1. Looking at Val62, Val41, which one is over 30 Å from Pro185 (Cα atoms) and assigned to a helix (DSSP H, G or I)?
2. Go through the range 66-89 and give me each residue that's among the small types (Gly, Ala, Ser), in a helix (DSSP H, G or I) and without any contact (Cβ under 8 Å) to a residue 40 or more places away in the chain.
3. Pairs please, first residue from the range 111-136 and under 28 Å from Lys89 (Cβ atoms) and among the hydroxyl-bearing types (Ser, Thr, Tyr), second anywhere and at pLDDT 90 or above and surrounded by 11 or more Cβ atoms within 10 Å (Cβ to Cβ), Cβ atoms under 7 Å, 6+ apart in sequence or on different chains.
Amino acid sequence: MTENKEKKNKNPQQTSDEELVDKISPDDTANANAEAGNEEVTPLSVAEAEINDLRDKLLRAVAETENVRRRSEKEKADAANYAVTSFAKDMLAIGDSLTRALESIPEDTDLPDSVKNLIEGVRMTDRELHNIFERHGINKIDPKGEAFDHNHHQAMFEAETDDPSGTVVQVMQIGYKIKDRLLRPAMVGVSKGGPNKSHEGVDTKA
């Protein structure tokens, strides 16, 4: 009787632990041991990790060197192409003065030979100045009759004309660009009437 009571009073927790141990198969134990073995750090794995790290650093260094080289080449090209930008802007004022002087000369007036020679000298100076501009990649923007382009033109006013809407009808001041860069926008008047009246108007506040 006493022995039966001892069996009945056996600890329930102990029974659960024994059942849990029974459920763990030998294969599970082997797999766990194998996984633990795979995570083991060996000299070879350490060397491979270092090689991968060095390879990554090398690729980054090569990429950065290439970026620096490209930036240097672009800066060198820009310096060669646009070094005279500030000087060119100042010279535009001289060209404008020569142009205005020539435009102010009356066409039908009989002038003395000395004045005619002076005028011809001004014309030659104006032509030579613009020839020098062209040699240095500085070109005129004279867009009369062309479509308005906000990248190269500055609209000063709009006028109702028979031209298509957005057409440059008057050039108040010629623009210039150096190579591919805008040096000075052309100041223009733009049509807002004509066959394409449905087009949006031009922003004259640009």
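1. Val62
2. Within the range 66-89, Ser72, Ala77, Ala79, Ala80, Ser86 qualify.
3. Close Cβ pairs satisfying both conditions: Thr125/Leu98.
Residue-wise test of (1) out of contact with any Leu (no Cβ under 9 Å at 6 or more places or on another chain); (2) under 19 Å from Leu182 (Cβ atoms); (3) polar (S, T, N, Q).
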| residue | (1), (2), (3) |
| --- | --- |
| Ser72 | yes, no, yes |
| Asp90 | yes, yes, no |
| Ile105 | no, no, no |
| Asp110 | yes, no, no |
| Asp113 | yes, no, no |
| Asn131 | yes, no, yes |
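Yes or no, residue by residue, for (1) modelled with pLDDT under 95; (2) surrounded by 14 or more Cβ atoms within 10 Å (Cβ to Cβ); (3) assigned to a strand (DSSP E or B); (4) under 25 Å from the mean Cα position of the chain (by Cα):
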{"residue": "Gly145", "(1), (2), (3), (4)": "yes, no, no, no"}
{"residue": "Asn151", "(1), (2), (3), (4)": "yes, no, no, yes"}
{"residue": "Glu158", "(1), (2), (3), (4)": "yes, yes, yes, no"}
{"residue": "Thr161", "(1), (2), (3), (4)": "yes, yes, no, no"}
{"residue": "Pro164", "(1), (2), (3), (4)": "yes, yes, no, no"}
{"residue": "Gln170", "(1), (2), (3), (4)": "yes, yes, yes, no"}
{"residue": "Pro195", "(1), (2), (3), (4)": "yes, no, no, no"}
{"residue": "Lys205", "(1), (2), (3), (4)": "yes, no, no, yes"}
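The values are calculated or read from the model by the stated rules, or taken from the named source; none is laboratory data. What you see is a predicted model, and the numbers here were worked out from it, not measured in a lab. Positions of Cβ are generated from backbone atoms using ideal geometry, with glycine treated the same way; all protein chains shown enter the neighbour counts.
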